[in-house]
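The values are calculated or read from the model by the stated rules, or taken from the named source; none is laboratory data. Because the structure is a prediction, the values reported are computed rather than measured. Neighbour counts run over all protein chains shown; Cβ positions are idealised from the backbone, glycine included. For the accessible areas, the whole protein counts, side chains as well, though only heavy atoms, and no ligand, DNA or RNA atoms are used. Shrake-Rupley method; radii C 1.70, N 1.55, O 1.52, S 1.80 Å.
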Amino acid sequence: MDTAVRMLPDQGHAHGIDYRIDFRPTAALATLALPAGHTVRAESGAMVSMGGDVTLDSSMEGGLWGAVKRTAGGRSGFVSRFSGPGDLALAPPAPGDVVPVELTGQPYAIAAHGYLASSDGVEIETGWGGAKSFFASDSAFVLRASGTGIVLLSAFGALAHRVLAPGERHLVDTGHLIAWPADSRYSLRKASRSLFRSVTSGAGLVAEFTGPADLLLQTRDLRALATALTPLLPTPQQDG
């Protein structure tokens with residue numbers, strides 16, 4: 001079983017595309033040079049700029065049901081497709097990292113909030129039932145990326161790489177999971193066997209992985225940030 005996550009360097013050429021990642025890890029920007037005939041699929045709203053003769057097409061890929069599944073998974077119902085020739089700059093909505101990962105036939109599971117874009121030859125399946133359809137903590141569907149090409153992953157904060165030895169067990173809060181080989185062994189459960197301790201610890205649902213496994217994690221969680229900011233937000237004054 002191949003468990004290695006194939007991360008690419010910050011700049012290079014792969015699968016017909018020149019790419020560069022700038023401003024890592026807090027405000028990463030991905031710039032792609034698309035030759036004529038090459039297409040990149042990206043999340044709606046990911047485009048920062050485009051030049052040359054790059055064309056944009058937005059559609060409900062997979063029809064209405066495909067759009068419904070993507071929306072339920074926290075993604076846009078529409079998919080943007082950019083075709084070369086020209087330069088394309090992409091960035092995620094939250095501050096953080098962008099990491100290029102190469103697929104060479106080994107399928108990857110990707111948390112919906114961690115997917116930014118992918119090149120020709122990569123198939124993205126939403127709501128993949130074979131990998132625990134979704135994480136109940138935030139209803140974020142697990143995506144399945146398969147085929148051959150480049151996937152751009154986004155992370156809130158920086159991206160951490162954790163390698164598990166055979167038989168090693170490791171718990172990861174689902175809000176921090178970004179990507180892992182689709183055939184990795186893991187189960188979903190509460191952070192503590194006690195419901196009270198799980199709630200009072202602040203940890204929600206966790207994924208318990210058993211090695212060998214190669215995990216990509218984000219160092220921050222938007223849910224935790226929202227919880228921390230809630231007491232500081234103004235509240236409507238009650239009429240008196």
Legend entry - Among (1) modelled with pLDDT of 75 or more; (2) out of contact with any Asp or Glu (no Cβ under 7 Å at 6 or more places or on another chain), the one test that Gly202 misses: (1)
Legend entry - Residue pairs meeting the criteria (Cβ under 7 Å; at least 6 apart or on separate chains; first farther than 20 Å from Leu29 by Cα, in the range 116-127; second open to solvent by less than 10 Å² (accessible area, probe 1.4 Å) and of a type in the set (A, V, I, L, M, F, W, C)): Val122/Leu103; Val122/Ala145; Val122/Val151; Ile124/Leu143; Ile124/Ala145; Glu125/Leu143; Thr126/Leu143
Legend entry - Tally of residues being under 11 Å from Arg81 (Cα atoms) and under 15 Å from the mean Cα position of the chain (by Cα) across the range 20-45: 4
Legend entry - In the range 144-160, residue most open to solvent (accessible area, probe 1.4 Å) [restricted to those that are of a type outside the set (Ser, Thr, Tyr) and within 15 Å of Ser184 (Cα to Cα)]: Arg144
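Among the residues of the range 7-23, write down those that are among the aromatic types (Phe, Trp, Tyr) and open to solvent by 40 Å² or more (accessible area, probe 1.4 Å). Before the answer, list the steps.
Pass one, the range 7-23, residues among the aromatic types (Phe, Trp, Tyr): 19, 23.
Correct list: Phe23 only.
Among the strands (runs of 3 or more DSSP E) contained in the range 81-175, which hold 1 or more residues that are touching a His at 6+ places or on another chain (Cβ under 6 Å) and modelled with pLDDT of 90 or more? Before the answer, list the steps.
Working: elements: 86-90, 96-104, 108-111, 115-119, 122-125, 140-156, 159-164, 169-173.
The strands (runs of 3 or more DSSP E) meeting that bar are 115-119, 140-156, 159-164.
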